[in-house]
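The values are calculated or read from the model by the stated rules, or taken from the named source; none is laboratory data. Predicted, not measured: the structure shown is a model, and the values here were computed from it. We place every Cβ from the backbone using ideal geometry, glycine too, and count neighbours over all the protein chains shown.
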Amino acid sequence: MENIVFPQGFLWGAATAAFQVEGATDVDGRTDSIWDEFCRQPGKVVGGDCGEPAADHYRRFEQDVAMMADLGLKAYRFSIAWPRVRPDGGKVNQAGLDFYKRLVDSLLAHDIAPWPTLYHWDLPQKLEEVGGWANRDTAFRFADYAAATVEALGDRVSTWTTMNEPWCSAFLGYAGGIHAPGRTEPEAAVAAVHHLLLAHGLATDTIRSAQPDAKVGITLNMYPIIPVNPDDPGDIDVARRLDGLQQRIFLDPLLRGEYPADIVEDLEPFGFSAHVKPGDLDIISAPLDMLGVNYYTEHYVSSTPDGDAGPSPWVGVQHASFPPRDAPITDMGWEVRPDGLTTVLLRVHNDYPRLPLYITENGAAFRDDFSGTGAIDDVDRTGFIASHLRAAHTAIEAGVDLRGYFCWSLLDNFEWAEGYAKRFGIVHVDYDTQIRTPKMSARWYSRVAKDNALVAVS
Ligand code: IFM
């Protein structure tokens, strides 16, 4: 095995999200999120499943935290459920906050740093009923929710992430319709982009006012977007547009204080700039302490129509396609492209003002089988993580200020529109018994975390 050692203090963690693992969706005052409502609609989620019981993390968090400690993890990235803390987006619910206090206390007792994300897609359904993220007011409601959460947990939490992957919330949720709330309204999607960013900026200010020494960041999902035919002007233009919609429409306002001009122009037919009010970009571009990068694969795009693919999440681009190439694929159908992680990290490093980076998600769904001995030897997943850690290390050697890695996911969980069919966990969850079984990837990752170095897969 090559000698790949990570910088001293590199943070090794694992990630989950509230709706994907907690279960207990109707206890202690929690009310519906957009995902509870979306799952009830026939045909939206594979198997017709929902966030119940998920991995029952709400009731089993003590066991899960102890397991993380055994694995030697030093940080846990989880999300806080808005509909627990402010059910229906309204009054503060102490019982909801108390759950997160217990979780955070347990983490601290095990010397695991809590890394909460305030929004991982579970908008209170009542707020959706008055427009959701297409409504500017939702950004202010988010700041209220952030204020209540920071007031309750600020004495125990020092690192806050405002949002996870706003691209998914805006484009999959409001244009593609394949995530909650299932809308296929491009105009609403572009409004949502701006309001999610505004919500991030308002919450950042709220957190800093309440807790001046807090570290604040946001997590984006990033992919190299590559034209299938690099000599075809149509493919090149689709790649430009999609890169703009995937990456630059978030990175530029956050880190440069302006939206990319070409994308603003592309989105004019959908009324984008009408949502941007004086002063908004100053709020959105408040300095950050870190940026979270979620990476899974590369996207190859073409301007050639690929049949009736349904409503496009790519506003204004109907015919982008992602043809399969000659590469291994995961159970999600995603190509395994570790080099793309190096590309993404270098891109942020080179094109934007420098700030500490963390890989806040990376991992893979594969089918897992118990061997005769009752173990799960998930060689594919272990190899996936190893190859991506190598790619991350290459970026560090090239000068990228990468400070940590969170594998997705600690536990098998509810994979959104895919239901429970796809397993990303390094720990297997039997959804009938809720028995947890660390897979080979967990045992291997534990050694990596303890050694702060890549170790041989065995
Ligand atoms: O499960 C999701 C997670 O909620 C957000 N990032 C991508 C993961 C895998 O699809």
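Brief remarks follow.
- Checked against (1) surrounded by 20 or more Cβ atoms within 10 Å (Cβ to Cβ); (2) away from the ligand (no atom under 16 Å from the Cβ), Arg77 meets all criteria but (2).
- The single condition among (1) charged (D, E, K, R); (2) part of a helix (DSSP H, G or I); (3) crowded, with 20+ Cβ neighbours inside 10 Å that Asp122 does not satisfy is (2).
- Scanning segment 133-164 for residues that are surrounded by fewer than 20 Cβ atoms within 10 Å (Cβ to Cβ) and either assigned to a strand (DSSP E or B) or under 19 Å from the mean Cα position of the chain (by Cα) (or both) returns a single hit, Thr159.
- Residues that are surrounded by 24 or more Cβ atoms within 10 Å (Cβ to Cβ), under 30 Å from Gly372 (Cα atoms), within 22 Å of the chain's Cα centre (by Cα) and more than 16 Å from the ligand (Cβ to nearest atom) are absent from segment 421-440.
- Among residues of segment 383-421, those that are assigned to a helix (DSSP H, G or I) and either farther than 30 Å from Gly48 by Cα or hydrophobic (A, V, I, L, M, F, W, C) (or both), counted: 17
- Residues (within 29 Å of Leu108 (Cβ to Cβ), more than 21 Å from the chain's Cα centre (by Cα) and either within 16 Å of the ligand (Cβ to nearest atom) or surrounded by 14 or more Cβ atoms within 10 Å (Cβ to Cβ) (or both)) located in segment 1-52: Phe6, Ala24, Val27, Asp28, Gly29, Arg30, Thr31
- The set of residues in segment 75-125 that are under 26 Å from Asn135 (Cα atoms) and hydroxyl-bearing (Ser, Thr, Tyr) comprises Ser79, Thr117, Tyr119.
- Filtered residue count, segment 225-257, keeping only those that are touching a residue at least 24 places away in the same chain (Cβ under 8 Å) and either under 23 Å from Asp351 (Cα atoms) or out of contact with any strand residue (DSSP E or B) (no Cβ under 8 Å at 6 or more places or on another chain) (or both): 23
- Answer residue from segment 103-121, given it is of a type in the set (A, V, I, L, M, F, W, C) and away from the ligand (no atom under 16 Å from the Cβ) and is nearest to the chain's Cα centre (by Cα) among those: Ala113
- Yes/no for Val379 being touching a helix residue (DSSP H, G or I) at 6+ places or on another chain (Cβ under 9 Å), among the β-branched types (Val, Ile, Thr) and either closer than 19 Å to Tyr223 by Cα or surrounded by 22 or more Cβ atoms within 10 Å (Cβ to Cβ) (or both): no
- Within segment 383-401, if we keep just the residues that are crowded, with 19+ Cβ neighbours inside 10 Å and without any contact (Cβ under 8 Å) to a residue 60 or more places away in the chain, the residue that is nearest to the ligand (Cβ to nearest atom) turns out to be Phe384.
- A residue that is touching a residue at least 12 places away in the same chain (Cβ under 8 Å), more than 16 Å from the ligand (Cβ to nearest atom), farther than 26 Å from Gly374 by Cα and crowded, with 22+ Cβ neighbours inside 10 Å occurs somewhere in segment 404-416.
- Looking only at segment 331-373, and only at residues there that are among the small types (Gly, Ala, Ser) and either crowded, with 21+ Cβ neighbours inside 10 Å or on the phi > 0 side of the Ramachandran plot (or both), the one that is farthest from the ligand (Cβ to nearest atom): Gly340
Results for (1) crowded, with 18+ Cβ neighbours inside 10 Å; (2) under 19 Å from the mean Cα position of the chain (by Cα); (3) within 16 Å of the ligand (Cβ to nearest atom), shown as yes or no for each residue.
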residue	(1), (2), (3)
Trp167	yes, yes, yes
Asp205	no, no, no
Gly244	yes, yes, no
Glu258	no, no, no
Ile263	yes, no, no
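- A residue that is among the polar types (S, T, N, Q) and within 16 Å of the ligand (Cβ to nearest atom) can be found somewhere in segment 297-308.
- 1 or more residues in contact with a Ser or Thr (Cβ under 7 Å, 6 or more places away or on another chain) and acidic (Asp, Glu): qualifying helices (runs of 4 or more DSSP H) within segment 180-288: 233-243
- Verdict on Val65 being modelled with pLDDT of 95 or more, in contact with a helix residue (DSSP H, G or I) (Cβ under 7 Å, 6 or more places away or on another chain) and within 16 Å of the ligand (Cβ to nearest atom): no
- Out of Val85, Val92, Val130, sole residue that is closer than 21 Å to Gly29 by Cβ, β-branched (Val, Ile, Thr) and crowded, with 23+ Cβ neighbours inside 10 Å: Val85
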